[in-house]
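Step one of this worksheet: look at the structure below.
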Amino acid sequence: MTAPENMAKVKETARHWVVYLHSGHTEPEQLAKLEKWVASDRHHAEAFREFEQLFQDLSHPGWVANTKPLPPPPSGRSKFPKWLQASALVLVVGFFGVGFALLSSRELPSPTETVFQTATAELRDIHLEDGSIITVGARSRLETRFTDAFRIVSLSEGQAFFDIAPDTGRPFYVEVGTMMVRVVGTKFDIKNDDGTMRIAVADGIVSVMKADAPSAIEGALQDVDKSVLYAGDQLLVSSMKRAPEKSTVEPEKTSPWREGWLSYENASLSEIVSDLNRYRDASIVLADPALGDLRITAAFGVDQTDQFIAVLHSTHEISRREGPNGQVILIHDGA
């Protein structure tokens, strides 16, 4: 059910759909999306009917409403007369203002897609319509796409912790590059670091596999080659390694960053630096890429990045130099 605070977005989407429906350039694929959107929530249906009625009232007093889901026209074009389309569109655009532009089906964003992006050092909780909660880490970007069959989130960069509401009829998928993570209801942490995925499970069961789309997985779920993870399991998948690396982690320590803490055990310096740069305005750069292969065990607060750099000098003979715009360059003392 749509929360009251999201009704403004619902009405905006309904306006887009009504104008698109009568634009004269409809396509069957987009009409199918419209039907799913209207059927997915009663608030969607009410908003759509409201603006559909307004459209009719403004354009043609004798036009009888059709409030049932609209099937794609056989030709892929709008079935309404062009004279009616033209007059109605002029009235609707005038009513909603000059800034409301008509979009073609290729330009119209899917009404079920939402993008979330965080800034430096920003953490954000996202409450999804199914009751799931995602905590998005600093400098991260994800997109949600919900359909009748699937709940899908794409994590294109950064880190997020997922607390997924159970729904056996609609599995939850997380896309990270070419990898898919499938769950029904569980808690887990995922980090996407330049194509390398690290997932740690706090509760429940998670399946990790390589696939193009959820629809390709569900049809042959039992036969898909996958890694099954349980609470306390951690998996690292990297294009630089031949096979995924599985290890263990205390379930309650899968996402210390949510409490403002960064913790590493035998992690590469390149991974740590990548994390630090999500909490700093001035980036850290390795003067020699080989430094990134150093293995380090450490724990410190997200506000103690300078202290960590200072410790590197005494433990690994790594010094810092100031670069342009406050940039920190790490260099080995022997270089």
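The values are calculated or read from the model by the stated rules, or taken from the named source; none is laboratory data. In this text, all values refer to a predicted model and were calculated from it rather than measured experimentally. So basically every Cβ, Gly included, is an ideal-geometry build from the backbone, and we count neighbours across all protein chains shown. Keep in mind that these areas ignore ligands, DNA and RNA; they rest on the heavy atoms of the full protein, side chains included. Shrake-Rupley method; radii C 1.70, N 1.55, O 1.52, S 1.80 Å.
Between Ala287 and Arg258, what is the label-to-label distance in nm when each label sits 7 Å out along the Cα-to-Cβ direction?
4.0 nm
Determine the share of region 105-254's accessible area contributed by carbon and sulfur atoms, expressed in whole percent, with a 1.4 angstrom probe.
Solvent-exposed carbon and sulfur of region 105-254 make up 46 percent of the total.
Can you give me the Rg/Rh ratio for region 141-256, using Cα atoms for both radii and the Kirkwood formula for Rh?
For region 141-256, the value is 0.93.
Shape of region 183-225 from its Cα gyration tensor (a ≥ b ≥ c, root eigenvalues): rounded if a/c is under 1.5, otherwise prolate when a/b > b/c, or oblate?
It comes out oblate by the Cα gyration axes.
List the pairs from Lys191/Lys226; Lys11/Lys191; Lys210/Lys246; Lys226/Lys246; Lys36/Lys187 whose alpha-carbon separation is above 23 Å, in the order I gave them.
Lys11/Lys191; Lys36/Lys187
In square angstrom, what is the accessible area per residue of region 150-285 with a 1.4 angstrom probe?
47 Å²
Compute and list, largest first, the equivalent-ellipsoid semi-axes of region 182-335 from the alpha carbon gyration tensor, each √(5λ) rounded to a whole angstrom.
34, 17, 14
Can you give the FRET efficiency to the nearest 0.05 for Gln327 and Asp130, using r as the Cβ-Cβ distance and R₀ = 45 Å?
Efficiency, from the Cβ-Cβ distance: 0.60.
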